[in-house]
Structures are given as C-alpha cells and as structure tokens.
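*Asks:* Okay, here's the structure, questions in a sec.
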Amino acid sequence: MTITGTVLAETAYGTVAGVSHEGIAAFRGIPYAAPPLGENRFGAPVPPEPWDGVRDAFEFGPTAPKPVIEGRLGELMPDPVVAGDEWLNLNVWTPDPGAAGLPVMVWIHGGAFITGSSAVAAYDGATFARDGVICVTVNYRLGVEGFACLPDAPVPANRGLRDQIFALEWVRDNIARFGGDPDDVTVFGQSAGGMSVLTLLSLDLGLFRRAIVQSGTAHVAQSMGDAALVTRAVAARLDVEPTARALAGVGVEEIVKAQSEVCSDVRTHADAARYGRSTIAACGISFMPVIDGDLVTQRPIDAIAAGAGRDIPLLIGTNTEEFRLFVVPTSLLDRPGAMPFRTWTEVYGAAPEFWDTYARNTTASYPRRTPSGIACAVLSDRMFRIPTCRVAEARAGAPAPTYVYEFGRRPSVAPHTLRSELGACHGAEIPFVWDTLDSPDSRRLIGPHPPRELATVLHTTWREFARTGTAGWERYGPGTRAVMTYGHDNGPENLVVHDPRQEERALWEGVLD
C-alpha cells in the first residue's frame, strides 16, 4: 500500500472507502451507531442503518454538540466543529486492511465531558499505524445529551459512557476487517477520556486487554441526586422542566448555551450546596459518569480497590503542573492577594496547613512565585496526581502491573510568556504521545522547537505498552512508588524517581480516599 488512492473495507453495516497514503489507510467518520435523535435522543446507542454500495469515509464525521472554547484557552487548544447529526462515529487508521492480528489502540478524547472530539489535529492515528498498530478514535455524546440525569429518559444517565462501550463493541465486531485483533485492544484517553477509561476499567467489560490513562481520576462519579441538581440548574436557565420530554423541545444550541453557563458557575463558585457534594468533590466539572445503580454502581476507585480490572495492565500518569492550564489563560491569574487562592484550595479539600508546605517547596524547575502558582500546585495534586496514586495503590496486589509516569517538560521559550507560564500543564504531553509535534495546533500549546527525542520516547512507550503490556520500568508498589519522570530538569535522561515530592504526597494520606 504505497500508492495514494482509495481503499475499501467491510463493516457489519456496509462497505466503506478510505484513503490510502504512504502505506497508511485512513477511514474517517464511520458511524458505529445511529444518530441520537428523535426516539433515540436520550436513549441507549443503537446500530446504524445498513447502507448499500460504498460509503465514503474520507472526512471526519460530525462532532457532538458542544460549546466553543473561548478566549486564550480556545486559542491554545483548537476544538474543531464538524456539522451534522451523525455524532456517533469513529475513525480507523491501519497499516494494512488485509492483515490479520494487528494490535489495536482505541482513543477516548477529553474535554470535561462537554467539549472535544476525535477531529482534533493532534489525534492523528497515522503515527501509530505507521508503527504497525491500528488506531481508532471515537466521538461520543457530551454534556446534557450524554450525561445529564433525566429520570424520564429511556436511559436516565451515562448515555455518553454507553456510547463509548458501544464503540468498543463495534471494534470487537469489526476491527478484524481492518487487519486488527479484537482480542488485543488497548483503550487510552486523556482528562475526561482518562476518567472514562478508569470507569470502563472498573466495569470489567472484557472489551480491552490493556489501558492507558493520561491525567485522569477514578474519583469522578456523581450521585443521581447531585447529577439531578446540575440538570435542574440547566433546565432553570431554559425555563423548562428538568425532564427529557421538556428538553426534547429545546434546540441543541440553546441547551449548550445554558449548559455552558452552569458549567462556568460550578467552576467559579464550587457551591456544593447548590450543585451537590459529589459534583464538587469529583473535580468541579459539571457532567460526568453517574452512579446510576445500573451500569455504574459505585465510584470507579472503589470498584478498582475491590479488584475490578485487576488482570488488565495499566499505564497511568499526570503532568507536573496540570492545573496551570485552567488558571494561566484566564482572569484568575490576576486576582490580588493569597486569600482567594487559599480558599479555593480548601474548598476542594486541602487543609489550611497544606498551603505553607507547598509554598516553601518552590524550585527553579517548577516555580511557585505567586499565590496562583501555589494554588495550581495544590490543585494539580488534588485533582490529578493524588487520585493517580490512589489508583496505583489500589492495584498494588493485582496480578497485572501498574506503571506510573509524570510528564514535566516545560516549553523552552522566553520567560513570562503565556507558554512559559503554562509549564508542564494539562494536555502538554499529548503531542509527544501522538508524535504530532509538527502540527500547528500542537505548537500553540507546546511552543517552538519541542524535543523530538522526547516524542520518540513517549510514543514508543505507549506503542510498546499496547503490544506487550509492559512499560520498561518497575511496576508501582507502596514500598517503592516508582514513577518514570519525563522531560524534567533532572539531567539529559528520563529517570525513574521513587516517591517524588514525598512530603507533599504524604499530606493527602487519609484526606482523599
């Protein structure tokens, strides 16, 4: 397959035509489920209608309804919108549709369960396919459509999560027709995608062999009551009842607008009395998997601690300065004085004395010169690093290994620019994992002249983990707490560090469980 042209593949619902280029066949926008409209709107995903002839799969399919990411954050992280209503689609990159038994990686995008899609430029599956791994990226329902609590709906909650499961079932049933092995699937995701992976891991579905989690948490799960509070807040802004019947009569754009207003209020005020304790405790996002007593019966962390997913090798990690993405591009950076930031950390569970410990641990590599910097360090741990530790600790006795990493590369740009202030923030590892450093969209976040050798290391590690279930360093255990640190200012090599920033980690013992 060295000639650019079209290539055909069969699916259970009909033939698709993709594009072959430089030895890679790409099939984009394949429907894995019917459009979630009409009777299907708030229901479980159902199979698409079969088609006759050949369906073109040349372009990315429609993206789920979502708000525009505004301001500097939107400039840093472009989020394409593709019009249409066949939101439940996926993309496949394969080195050879005629092959057999190739390993498969399935990507679940992030975006706080309200934004994002598989059309983001950094998620170019050709980089994995060129290395002999089939890559699949999926879209799923977001926000109200996917996660609002609607007791009168055919599926009251977790519709977006069910979409992800349906997509994995499509992979199981169809990927052999693209050269893949349905029994050799690795699911991976970042942020809300990582949270999704941990939720899927906790369900023991038997749909994947390995899992990779980038900046996720297994503590994300709303109670039905708290999810209903968020839904009620959205409905109140629309002046309708918080029901599927009422929302079905409201335009999608209006719902997304009201949803955005509520999400902003949740982030800004973190009011547990108004939006529910589990909403705020999870990490301040408004929509997420719900403990519905049906699909999800407990928090993922509790299921994992009880042994769920114990036979699935896990690669999991975070970025050193995760929370800076949510502060640096916003007006929060300019707030005067320390008190608003101290209060913010305490709302999310940090004891008052934590502040002083984080403040005095300032280093040249990861400066905490300002109250906002200290708060970002506390909240990076609270929202991402400590939950990651909890997952690794919960799996300490599992037969399958858990490997933990930390990504710490800061952009090499002039000081006091937006990129330098972002540091090793949330999402900064993505272009390195995907080896998409040359994408203009990637450069917006990671800056010019990113180190290609670091991309080679991360991309190779992810690929080889998908092939073998091993990461190349010692598994995490409570005695050693081995963490592979990538791109830190600790010398020219990536190093395994045992219990990094132990003093700060120890603060959270017994606080976040």
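The values are calculated or read from the model by the stated rules, or taken from the named source; none is laboratory data. This one's a predicted model, so the numbers in the text were calculated from it and none came from an experiment. Ideal geometry is used to build each Cβ from the backbone, glycine not excepted, and the neighbour counts take in all protein chains shown.
*Asks:* Hand me the list of helices (runs of 4 or more DSSP H) wholly inside the stretch 211-319 holding 3 or more residues that are more than 18 Å from Arg141 (Cα to Cα) and either out of contact with any Ser or Thr (no Cβ under 7 Å at 6 or more places or on another chain) or in contact (Cβ under 8 Å) with a residue 40 or more places away in the chain (or both). Quick ask: steps written out before the conclusion?
*Replies:* Values: elements: 224-238, 244-247, 252-269, 272-275, 277-282, 300-305.
The helices (runs of 4 or more DSSP H) meeting that bar are 224-238, 252-269, 272-275, 277-282, 300-305.
*Asks:* Among the residues of the stretch 346-361, write down those that are modelled with pLDDT of 90 or more and among the β-branched types (Val, Ile, Thr).
*Replies:* If the condition is that a residue be modelled with pLDDT of 90 or more and among the β-branched types (Val, Ile, Thr), then Thr357 is the only one that fits.
*Asks:* Being part of a loop (DSSP other than H, G, I, E, B) and either in contact (Cβ under 8 Å) with a residue 60 or more places away in the chain or β-branched (Val, Ile, Thr) (or both) is the filter; apply it to the stretch 117-131 and report the residue that is farthest from Trp87 (Cα to Cα). Outline the logic, then answer.
*Replies:* Within the stretch 117-131, the first condition is being part of a loop (DSSP other than H, G, I, E, B), and the residues that meet it are 117-125, 130-131.
After this cut, where a residue has to be either in contact (Cβ under 8 Å) with a residue 60 or more places away in the chain or β-branched (Val, Ile, Thr) (or both) as well, the list is 120-125, 130-131.
Working: Val120: 15, Ala121: 18, Ala122: 20, Tyr123: 17, Asp124: 19, Gly125: 19, Arg130: 27, Asp131: 29 Å.
Per the criteria, the residue is Asp131.
*Asks:* Does Arg72 satisfy the criteria of being surrounded by fewer than 22 Cβ atoms within 10 Å (Cβ to Cβ), out of contact with any strand residue (DSSP E or B) (no Cβ under 7 Å at 6 or more places or on another chain) and of a type in the set (Lys, Arg)?
*Replies:* So Arg72 passes the test.
Residues checked against (1) surrounded by fewer than 17 Cβ atoms within 10 Å (Cβ to Cβ); (2) outside the structural domain of Pro95 (by TED's automatic domain parsing); (3) part of a loop (DSSP other than H, G, I, E, B):
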site	(1), (2), (3)
Val19	no, no, no
Ala26	no, no, no
Ile30	no, no, no
Pro36	no, no, yes
Phe42	no, no, yes
Val46	yes, no, yes
Pro50	yes, no, yes
Phe60	no, no, yes
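*Asks:* Report yes if Val213 is buried (at least 24 other Cβ atoms within 10 Å of the Cβ) and either out of contact with any Gly (no Cβ under 8 Å at 6 or more places or on another chain) or at pLDDT 95 or above (or both), otherwise no.
*Replies:* Details: buried (at least 24 other Cβ atoms within 10 Å of the Cβ): yes; either out of contact with any Gly (no Cβ under 8 Å at 6 or more places or on another chain) or at pLDDT 95 or above (or both): yes.
Here the answer is yes, as Val213 does meet what is asked.
*Asks:* Here are Ala308, Ala282: which of them is modelled with pLDDT under 90 and more than 19 Å from Pro242 (Cα to Cα)? Don't jump to the end; show me each part of the working.
*Replies:* Details: Ala308 fails: modelled with pLDDT under 90.
Matching residue, one of Ala308, Ala282: Ala282.
*Asks:* On to the next question. Before we move on, is Asp79 in contact with a Ser or Thr (Cβ under 8 Å, 6 or more places away or on another chain), at negative phi and assigned to a loop (DSSP other than H, G, I, E, B)? Walk me through how you get there before you give the answer.
*Replies:* Details: in contact with a Ser or Thr (Cβ under 8 Å, 6 or more places away or on another chain): yes; at negative phi: yes; assigned to a loop (DSSP other than H, G, I, E, B): yes.
Yes; evaluated as a whole, the condition is true for this residue.
*Asks:* Same structure again: So, in the stretch 345-356, how many residues would count as being of a type outside the set (Asp, Glu) and surrounded by fewer than 20 Cβ atoms within 10 Å (Cβ to Cβ)?
*Replies:* Filtering the stretch 345-356 down to residues of a type outside the set (Asp, Glu) leaves 345, 347-352, 354-355.
This time we only want the ones that are surrounded by fewer than 20 Cβ atoms within 10 Å (Cβ to Cβ), so: 347-349, 351-352.
So the count comes out to 5.
*Asks:* Being in a helix (DSSP H, G or I) and either more than 21 Å from the chain's Cα centre (by Cα) or closer than 30 Å to Trp355 by Cα (or both) is true for just one of Leu458, Leu445. Which residue is that? Reasoning before the result, please.
*Replies:* Numbers: Leu458 fails: either more than 21 Å from the chain's Cα centre (by Cα) or closer than 30 Å to Trp355 by Cα (or both).
Criteria check complete, one pass: Leu445.
*Asks:* Further question: Can you name every residue in the stretch 446-465 that is buried (at least 22 other Cβ atoms within 10 Å of the Cβ) and over 21 Å from Val496 (Cβ atoms)?
*Replies:* The answer is Ile446, and nothing else.
*Asks:* Among the residues of the stretch 82-96, how many are under 25 Å from Ile165 (Cβ atoms), assigned to a loop (DSSP other than H, G, I, E, B) and of a type outside the set (Gly, Ala, Ser)?
*Replies:* Going residue by residue through the stretch 82-96, those that are under 25 Å from Ile165 (Cβ atoms) are 82, 84-94.
From the residues that got through so far, the ones that are assigned to a loop (DSSP other than H, G, I, E, B) too are 82, 84-88.
If we keep only those that are of a type outside the set (Gly, Ala, Ser) as well, we get 82, 85-88.
So the count comes out to 5.
*Asks:* Filter the stretch 467-483 for residues that are outside any loop (DSSP other than H, G, I, E, B) and either closer than 25 Å to Val220 by Cα or assigned by TED's automatic domain parsing to the domain that holds Tyr123 (or both) and give the result.
*Replies:* At the first step, the residues of the stretch 467-483 found to be outside any loop (DSSP other than H, G, I, E, B) are 467-468, 482-483.
Residues satisfying the conditions are Ala482, Val483.
*Asks:* What do you reckon, is Ala273 closer than 30 Å to Ala83 by Cβ and surrounded by fewer than 20 Cβ atoms within 10 Å (Cβ to Cβ)? Before you say what the answer is, go through the steps one by one.
*Replies:* Details: closer than 30 Å to Ala83 by Cβ: no; surrounded by fewer than 20 Cβ atoms within 10 Å (Cβ to Cβ): yes.
For Ala273, the condition - closer than 30 Å to Ala83 by Cβ and surrounded by fewer than 20 Cβ atoms within 10 Å (Cβ to Cβ) - is not met.
*Asks:* Can you find, within the stretch 191-210, the residue that is nearest to Ile316 (Cα to Cα) among those that are part of a loop (DSSP other than H, G, I, E, B) and not basic (Lys, Arg)?
*Replies:* Filtering the stretch 191-210 for residues part of a loop (DSSP other than H, G, I, E, B) gives 191, 203-209.
Those left that are additionally not basic (Lys, Arg): 191, 203-208.
Numbers: Ser191: 11, Leu203: 18, Asp204: 18, Leu205: 19, Gly206: 19, Leu207: 19, Phe208: 16 Å.
In this case the residue turns out to be Ser191.
*Asks:* Another question, if that's okay. Is it the case that Ala364 is in the same structural domain as Glu321 (by TED's automatic domain parsing), under 20 Å from Arg342 (Cα atoms), modelled with pLDDT under 95 and more than 17 Å from the chain's Cα centre (by Cα)?
*Replies:* The answer is no for Ala364.
For (1) touching a helix residue (DSSP H, G or I) at 6+ places or on another chain (Cβ under 9 Å); (2) among the hydroxyl-bearing types (Ser, Thr, Tyr); (3) modelled with pLDDT of 95 or more, each residue gets a yes or a no:
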| position | (1), (2), (3) |
| --- | --- |
| Ala227 | yes, no, yes |
| Arg232 | no, no, yes |
| Asp239 | no, no, yes |
| Ala244 | no, no, yes |
| Leu247 | yes, no, yes |
| Glu253 | no, no, no |
| Ser264 | no, yes, no |
| Ala270 | yes, no, no |
| Ala273 | no, no, no |
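*Asks:* Among the listed residues Pro329, Pro352, Pro336, which satisfies the condition of being under 16 Å from Leu507 (Cα atoms), in a loop (DSSP other than H, G, I, E, B) and not small (Gly, Ala, Ser)?
*Replies:* Numbers: Pro329 fails: under 16 Å from Leu507 (Cα atoms); Pro336 fails: under 16 Å from Leu507 (Cα atoms).
Matching residue, one of Pro329, Pro352, Pro336: Pro352.
*Asks:* Evaluate the following for Arg409: is it within 25 Å of Val511 (Cβ to Cβ), assigned to a loop (DSSP other than H, G, I, E, B), charged (D, E, K, R) and not assigned by TED's automatic domain parsing to the domain that holds Val197? Show your work before the answer.
*Replies:* Working: within 25 Å of Val511 (Cβ to Cβ): no; assigned to a loop (DSSP other than H, G, I, E, B): yes; charged (D, E, K, R): yes; not assigned by TED's automatic domain parsing to the domain that holds Val197: yes.
No, not satisfied.
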